[in-house]
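J.: Okay, handing you the structure first.
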Amino acid sequence: MKNFSNYTDFDRKEDLHFESKVVHGALGTEPLTGAVSMPIFQAATFRHPALGESTGFAYSRLENPTRQELERTMAILEGGIRGFAFSSGQAANMAVFSLLNPGEHVILSDDIYGGTFRIIGDVFGKYGITHTYVDMSDLDEIKAAIRPNTKMLFVETPTNPMMKVADIRAVADLAKEIGALTVVDNTFLTPYFQKPLQLGADIVTHSSTKYLGGHNDTISGIVVVKESEELSQKIHMHIKSHGSQLAPLDSWLILRGIKTLAVRMDRHNENAQKLAAWLKTQPKVKKIYYVGFPEHKDYAVTKKQTMGFGGMISFTVDSFETVENILRKVDLIMFAESLGGTETLITYPTTQTHEDTPLAVKESLGITDCFLRMSVGIENVEDIIVDLDRALNG
Ligand SMILES: *Cc1c(COP(=O)(O)O)cnc(C)c1O
């Protein structure tokens, strides 16, 4: 039996541009057969050549060749030492919060993804981990929230759904001063537009259900660790113990999605810019939250740390009646939760993604009953505009 040692070494492709890295992954081709697409290794266990000898794979909860290719690819794309693929973005964030010990404190972006809100409050609260939500676009607010036991700053930027932007480098510098970890949920922009590890973050997380997978067909999550072997070991221990790893087929779907990440993100970005400009001309649209507007409060930070604005736009309309009208009448645009796929989706955060966020918090953030969020897809933008125009004004 030939050993799989040719799975051990992979090329980090440092000399390639990002657009080429996404296509060629880590191993890229399967080393034994030359299969151009990494196969779906639908195996639970792996046969050993002899006692004390291994192919590098033992049991798929621990490692699986298809998942490993995805994990290595993500480590390359984010610029970290090691990646981990989880059964969901929630599972990825669970692993990251599990790095905290009882008695420790974490500071989070205030309008964070609703599920993350549940993890830190409902799941970890009872283990004696405390938390504070702050507006991370305001460094002074973060400073004021720091306690002697603050061990993690968890940043989502841009935030969901208010599109506030945190200065990742400034936040990471602050975290280093107090000996805390900086974690960035990079779901909205992906490493194509934003590389938090290069800006000083220690860990990046993703709901790869969104842009990385990109086709609204697979739930999954990613964690990438920048440089700490110790943190990598802890995350690996978590995945191994919790059994929250991504399945081989789903790993393959995300890998396939990643191959087109660069071209998709360009189109999302371009379409969102055009749609945001159109929204501005609409009398029934009252306020637009879009990081690509020069008048956006954090535009300078966005320009400094990202290569694009992404495909997300939130906006308010004149009345709840208009909301109902839009959500009933959209046709090409789908009224559905989630984001980051090829299809344009419209979401009503107050009862969908942020259902469990306390009302007072929602109100203070501005998530009112006239508030909508759009994930602009990669269709022809004129078709998106025609559909929204009909739903909004028809
Ligand atoms: C969707 C999402 C999550 C949760 O990911 P799942 O894959 O749905 O478990 C976490 N963070 C952000 C920013 C998200 O958009």
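J.: Cβ contacts < 7 Å: first residue among the aromatic types (Phe, Trp, Tyr), restricted to the range 325-338; second residue surrounded by 16 or more Cβ atoms within 10 Å (Cβ to Cβ), any location; separation 6+ or different chain. Result?
T.: Once the first residue is among the aromatic types (Phe, Trp, Tyr) and sits in the range 325-338, its partners that are surrounded by 16 or more Cβ atoms within 10 Å (Cβ to Cβ) give Phe335/Ile346.
J.: Taking the range 183-201 as the search range and keeping residues that are of a type in the set (S, T, N, Q) and more than 10 Å from the ligand (Cβ to nearest atom), which one is farthest from Met265 (Cα to Cα)?
T.: It comes out as Gln198.
J.: Only one of (1) in contact with a Pro (Cβ under 6 Å, 6 or more places away or on another chain); (2) more than 12 Å from the ligand (Cβ to nearest atom) is not met by Ala180, so which one is it?
T.: Failed condition: (1).
J.: Within the range 218-242, count every residue that is within 16 Å of the ligand (Cβ to nearest atom) and in contact (Cβ under 8 Å) with a residue 40 or more places away in the chain.
T.: Residues flagged as within 16 Å of the ligand (Cβ to nearest atom) and in contact (Cβ under 8 Å) with a residue 40 or more places away in the chain within the range 218-242 amount to 9.
J.: While we're looking at this one, here's another question. Pick from the range 134-170 the residues that are surrounded by fewer than 21 Cβ atoms within 10 Å (Cβ to Cβ) and under 19 Å from Tyr113 (Cα atoms): which of them is farthest from the ligand (Cβ to nearest atom)?
T.: Among residues in the range 134-170 that are surrounded by fewer than 21 Cβ atoms within 10 Å (Cβ to Cβ) and under 19 Å from Tyr113 (Cα atoms), the one farthest from the ligand (Cβ to nearest atom) is Asp138.
J.: In this structure, does Ile81 turn out to be more than 16 Å from the ligand (Cβ to nearest atom), within 30 Å of Ala26 (Cα to Cα) and surrounded by fewer than 19 Cβ atoms within 10 Å (Cβ to Cβ)?
T.: Taking the combined requirement at face value, the residue satisfies it.
J.: Does the range 75-92 contain any residue that is touching an Asp or Glu at 6+ places or on another chain (Cβ under 9 Å) and among the polar types (S, T, N, Q)?
T.: yes
J.: Show me the strands (runs of 3 or more DSSP E) found entirely inside the range 195-310 where at least 1 residues are among the aromatic types (Phe, Trp, Tyr).
T.: In the range 195-310, 285-289 are the strands (runs of 3 or more DSSP E) which contain 1 or more residues that are among the aromatic types (Phe, Trp, Tyr).
J.: Let me ask something else about it. Which residue out of Ile119, Ile112, Ile76, Ile142 is in a helix (DSSP H, G or I) and within 30 Å of Val22 (Cα to Cα)?
T.: Residue meeting the stated conditions: Ile76.
J.: Here's another thing I want to ask about it. Can you give me the number of residues within the range 305-343 that are within 16 Å of the ligand (Cβ to nearest atom), over 16 Å from the mean Cα position of the chain (by Cα) and among the hydroxyl-bearing types (Ser, Thr, Tyr)?
T.: The qualifying residues number 1.
Read-outs throughout are calculated quantities, based only on the coordinates presented, and are distinct from any laboratory measurement. Predicted model only: the values in this text are computed from it and were never measured. Note: ideal-geometry Cβ built from the backbone for every residue, glycine included; neighbour counts use all protein chains shown.
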